[in-house]
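Shown next, in structure tokens, is the structure this report addresses.
The values are calculated or read from the model by the stated rules, or taken from the named source; none is laboratory data. What you are looking at is a predicted structure, and each value in this text was computed from that prediction instead of being measured. Glycine gets a Cβ as well: all are built from the backbone with ideal geometry, and neighbour counts include every protein chain shown.
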Amino acid sequence: MSDAATIARLSEEIIAKGSQSFAAAARLFDPATRTDAMMLYAWCRHCDDVVDGQELGSGGTLLATDARERLGELERDTRRAFAGEAVAHPAFQALQLVAKRHAMPEALALDHLEGFRMDVEERHYESVEDLLDYCHHVAGVVGVMMARIMGARDAATLQRAADLGLAFQLTNIARDIVPDARVGRIYLPAQWLREIGLDLSRITEEAEREKVARLARRLVDLAEPYYASAHIGIEALPRRSAWAIATALGVYRRIGVEVVRRGSHAWDKRVSTGKAAKLGEVAKGGLIALMPRARSRAPRSAELWAHSA
């Protein structure tokens, strides 16, 4: 097994390639939290790449094995990591260290892998509730695991962390509707498609961009109350973690706003947040983190979706 410093360095390399937005926000954590957050992200990213048939991120070596077989291997190695057994890949070594340090429930990691199973099985999303269930597995549980790394243990804060994961994923789906559809992945609720008369097979066509833009706006609108819920939960985090999460929230929310602003041209070029905008969100995040803490936080809205175990 590699030493902890080597695992941390490899994790940082993975995050630098996998998500510039998360990498920027992660710099705001205190050193220990930053290291563990990067190591958890490295495992998440590795699993995503392996399921997609890549060894190490974009441009990596394509794996010849079947996606279901690859997913089975990920589940096996994840269980071994939590059982304290020897694991060869640095991503699982990273997971093992983080899980031990933060008493991470194995069920959270397996829930995350269940999201990849939905992709492998080409799951059909009929309703908004179906879509939110997918978002919970691929991103909501990651939010919970990240919150545990930051020291959160109470159910209310962990639920708001899950809400942030849902908001992030809904934003990602809105940004990537067209490129996802080109590779056969469609996350839009079928009910929405029927309501506006958009056939699945026509999502990538230029002539349908206005309809796709309307659906993207709907996704962004759906994300808003989850961003608002997560924003309330930030004050329960340590100051440095609150700074990082407030920044990440602001950066990702800007992506959704920009998708809506571009309308039918949102898929001409992939929407991202520029350096100046990121710096602006860093400053805003710092102000949020420094604000006085309320004695009691508003209860989470009962109208928001919550995963039922």
Worksheet entry | Identity of the residue in segment 97-108, at negative phi and over 20 Å from the mean Cα position of the chain (by Cα), that ends up surrounded by the most Cβ atoms within 10 Å (Cβ to Cβ) | L97
Worksheet entry | Residues located in segment 181-210, provided they are modelled with pLDDT of 95 or more, of a type in the set (D, E, K, R) and under 18 Å from D130 (Cα atoms) | R194, E195
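Any residue that is touching a strand residue (DSSP E or B) at 6+ places or on another chain (Cβ under 7 Å), modelled with pLDDT under 95 and either in a helix (DSSP H, G or I) or not hydroxyl-bearing (S, T, Y) (or both) - is there at least one of those in segment 34-54?
Filtering segment 34-54 down to residues touching a strand residue (DSSP E or B) at 6+ places or on another chain (Cβ under 7 Å) leaves 53-54.
Then keep just the ones that are modelled with pLDDT under 95; that gives 53-54.
Checking the rest, the ones that are also either in a helix (DSSP H, G or I) or not hydroxyl-bearing (S, T, Y) (or both) come to 53-54.
Yes: one or more hits.
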Worksheet item: Picking from A147, A174, which residue would you name as being over 29 Å from V98 (Cβ atoms), within 19 Å of the chain's Cα centre (by Cα) and modelled with pLDDT of 95 or more?
Response: A174
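Could you please find all residues in segment 123-141 being out of contact with any Leu (no Cβ under 6 Å at 6 or more places or on another chain) and under 22 Å from S301 (Cβ atoms)?
S127, V128, E129, D130, L131, L132, D133, Y134, H136, H137, A139
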